[in-house]
Amino acid sequence: MNKNYDGRIYDERFQGYGADLGFWREQAQRFGDSILELAFGTGRVGIALAREGYKLTGLELEQKMLEKARQKIKKEELSIDLVGGDMRRFNLGKKFPLIILPFNSLAHLLDYRDLGEMLDSVRKHLLPNGRFVFDYLNPSLEILSRDPDQWFPSAEYTDEKGLKVLVREKSCYNSATQINRVTMHYSYENGVEFENDLIMRMYFPRELEGLFDLNNWEIEERFGDFSGGEFKSDSPKQIVICYPR
């Protein structure tokens, strides 16, 4: 049973995660109150910002994620402009002082062409002096070199029906393509089980820096965590604030 892009399961899995919200509030305060969020998902970040009065536009490709986001927005009576679309190629007919791509969503851009197309689209939608901000994992060689047949504990939570859920994962990394295929196994206490595959492109720090340079983007700031710590070899994150040349 495959539950890819199921908004309900996504929200249950990440309920209560908010380590990044303070960082995104800071960026909204710095760069402007009209924000475009790419890969909006079910709205975990965007809805939190909209609650504080920021004007949000959300772009999301997956219909099930959009449906869940719309339900949440309607329930809270928020005003968010949701658009179904691909972050590689979109035309919204307006520009923003701030465009964000949270929660490792850069990993969905599986090759250099995808990344370049996304950057071109972002460029067309940024106001002069606008900023593009994203957070992305810092690839772990320890994780990427794991035995692809071995399961590792990933998460434990309670779903909306009160059932305990255990999540295990295994990953198979192809160093030639830099694609990591992560398989997540969900096990409910009532006996229901299913697996969910996630395909992620690994971008290493100097590689990412070079790709942005080749696409004529200037990296203004880079952090290793959401508190603004210096980016180091063992930093959990690559958090980037940049603008087009």
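The values are calculated or read from the model by the stated rules, or taken from the named source; none is laboratory data. Fair warning: this is a prediction, and the values are worked out from it, not measured in the lab. Using ideal geometry, Cβ is built from the backbone for each residue, glycine included, and neighbour counts are taken over all protein chains shown.
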Query - Leading residue by the ranking (surrounded by the most Cβ atoms within 10 Å (Cβ to Cβ)) among those in segment 201-217 that are in a helix (DSSP H, G or I) and in contact (Cβ under 8 Å) with a residue 24 or more places away in the chain - result: L208
Report summary line: Out of (1) free of Cβ contacts under 8 Å to residues at least 24 places away in the same chain; (2) at negative phi, the one E77 does not meet is (2)
Report task. Could you tell me whether segment 155-172 includes any residue that is basic (K, R), assigned by TED's automatic domain parsing to the domain that holds R30 and touching a strand residue (DSSP E or B) at 6+ places or on another chain (Cβ under 6 Å)? Result -> no
Requested in this report: Determine the pairs where a residue that is more than 20 Å from G22 (Cβ to Cβ), located within segment 48-69, has a partner that is part of a loop (DSSP other than H, G, I, E, B) and small (G, A, S) with Cβ atoms under 6 Å apart, the partner being 6 or more residues away or on another chain.
Outcome: L59/G85; M65/G41; A69/G43
Report summary line: Among R44, R70, R113, the single one that is in contact with a helix residue (DSSP H, G or I) (Cβ under 9 Å, 6 or more places away or on another chain) and either basic (K, R) or at pLDDT below 95 (or both) is R44
Query - Where E220 falls short, out of the listed (1) part of a strand (DSSP E or B); (2) buried (at least 16 other Cβ atoms within 10 Å of the Cβ); (3) assigned by TED's automatic domain parsing to the domain that holds R25 - result: (2)
Query raised in the report: Does at least one position in segment 127-140 carry a residue that is surrounded by fewer than 12 Cβ atoms within 10 Å (Cβ to Cβ) and not in a strand (DSSP E or B)?
Result: no
**Report entry** Counted residues, segment 126-144 - those being of a type in the set (D, E) and more than 21 Å from G18 (Cα to Cα)
**Finding:** 1
